[in-house]
Amino acid sequence: MRLVTFVHHGRTAIGAVIEEHIIDLGHIAPDMLTLIEKGVSGLAQVRTAVAAAPTGIPLHETTLLAPIPTPRRNIMCLGLNYAEHVKESYGARGQQAKLPDVPIIFTKATTAVSGPTAPIPYDQTITTELDWEVELAVIIGQAGKNIGPHEAMNFIFGYTVLNDISARDLQMRGKQYFKGKSLDGTCPMGPWIVTADELPQPHNLRLTCRVNGVTKQDSRTEFMIFNIPLTIAYLSGGMSLLPGDIIATGTPDGVGFARTPPEFLQPGDVLESEIEGIGTLRNPVIGDR
Ligand code: MG
């Protein structure tokens, strides 16, 4: 199933997308986090509602928000999780690449989250180096701690597309990534959550990123250094994961700062982030000052 958070005539609700319509699920849960917390019984209710619904709201009459518009806590992100991206990142600094021994984890503020068509604010007094990072995001379905890799996939609710937009000047200047990764509007997500049952092979997906129609990133999720089970096992070691937690699994090569010459987003650009089997984000960059 494809689960959305949508706005229709000023009302925000969750729904299931069936072809070009949305089946309203507002009677099952008021928001996506509540639905996820309901676990298998919530999904069973959704299936019953979808089967019984005569028709839905036309998608084009709605605005989609991020599937989880206000996450309970920060988005957890993997840095340097694709070998070719490790090479380009070190190479841009004239250094020899070294693959990470353990997952590199940082987070993005919840206030950075935005929808699949939301504008990306560009405030040149804050940053002039906004860069793209298309990523597969994993949505955790149930609480867990010390989850083993062999059981990790059972803890996944679903998947979505995320762009870990990064203010490189802020990111590189600080000793932590947090500020450079957390500007408002720099975590577009969606267009929906594809439930885990519909995406049994999340390590076999093409992911692409385009700026104004020009392909900048084009890779496959099979090239992750730390795959999804290893990542969940690592993160949950001694640290509880919660329903609705979002884990961004890292970006492949082709980011702007590592290009020759470096490239960054500009007002008027349109950023598209696509993952096979999930969908596409289409976010315009808008001057904000
Ligand atoms: Mg990233």
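A few points about this structure:
- Any chance THR62 is in contact (Cβ under 8 Å) with a residue 40 or more places away in the chain and open to solvent by 60 Å² or more (accessible area, probe 1.4 Å): no
- Any hit, region 128-142, residues being open to solvent by 60 Å² or more (accessible area, probe 1.4 Å) and free of Cβ contacts under 8 Å to residues at least 40 places away in the same chain: no
Per-residue answers, yes or no, for (1) open to solvent by 20 Å² or more (accessible area, probe 1.4 Å); (2) in contact with a helix residue (DSSP H, G or I) (Cβ under 9 Å, 6 or more places away or on another chain); (3) not basic (Lys, Arg):
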{"position": "GLY237", "(1), (2), (3)": "yes, no, yes"}
{"position": "LEU241", "(1), (2), (3)": "no, yes, yes"}
{"position": "GLY244", "(1), (2), (3)": "no, yes, yes"}
{"position": "PRO252", "(1), (2), (3)": "no, yes, yes"}
{"position": "VAL255", "(1), (2), (3)": "no, yes, yes"}
{"position": "ALA258", "(1), (2), (3)": "yes, yes, yes"}
{"position": "PHE264", "(1), (2), (3)": "yes, yes, yes"}
{"position": "GLU272", "(1), (2), (3)": "yes, no, yes"}
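- Within region 1-97, helices (runs of 4 or more DSSP H) holding 3 or more residues that are outside the structural domain of ASN154 (by TED's automatic domain parsing): 32-37, 39-52
- Residue match in region 250-265 (condition: among the small types (Gly, Ala, Ser) and either within 23 Å of PRO67 (Cα to Cα) or more than 15 Å from the ligand (Cβ to nearest atom) (or both)): yes
- Taken together, the criteria exclude GLU272 from residues that are of a type in the set (Asp, Glu) and either outside any strand (DSSP E or B) or within 16 Å of the ligand (Cβ to nearest atom) (or both).
- Pairs are defined by a Cβ separation below 7 Å, a sequence spacing of at least 6 or placement on different chains, a first member in region 240-254 that is closer than 9 Å to ILE139 by Cβ, and a second member that is open to solvent by less than 10 Å² (accessible area, probe 1.4 Å) and of a type in the set (Gly, Ala, Ser); the pairs so defined are ILE246/ALA137; ILE247/ALA137.
- Residues that are open to solvent by 70 Å² or more (accessible area, probe 1.4 Å) and in contact (Cβ under 8 Å) with a residue 12 or more places away in the chain within region 31-49 comprise GLU37, GLN45, ARG47, listed in sequence order.
- For region 72-98, filtered to residues that are more than 16 Å from the ligand (Cβ to nearest atom) and touching a residue at least 40 places away in the same chain (Cβ under 8 Å), the residue that is most open to solvent (accessible area, probe 1.4 Å) is ARG72.
The values are calculated or read from the model by the stated rules, or taken from the named source; none is laboratory data. For clarity, every value in this text was computed on a predicted model and none was experimentally measured. A quick note on method: Cβ atoms are made from the backbone with ideal geometry, for glycine too, and the neighbour counts reach across all protein chains shown. Areas reflect the complete protein model, heavy atoms only, side chains present, ligands, DNA and RNA absent. Shrake-Rupley method; radii C 1.70, N 1.55, O 1.52, S 1.80 Å.
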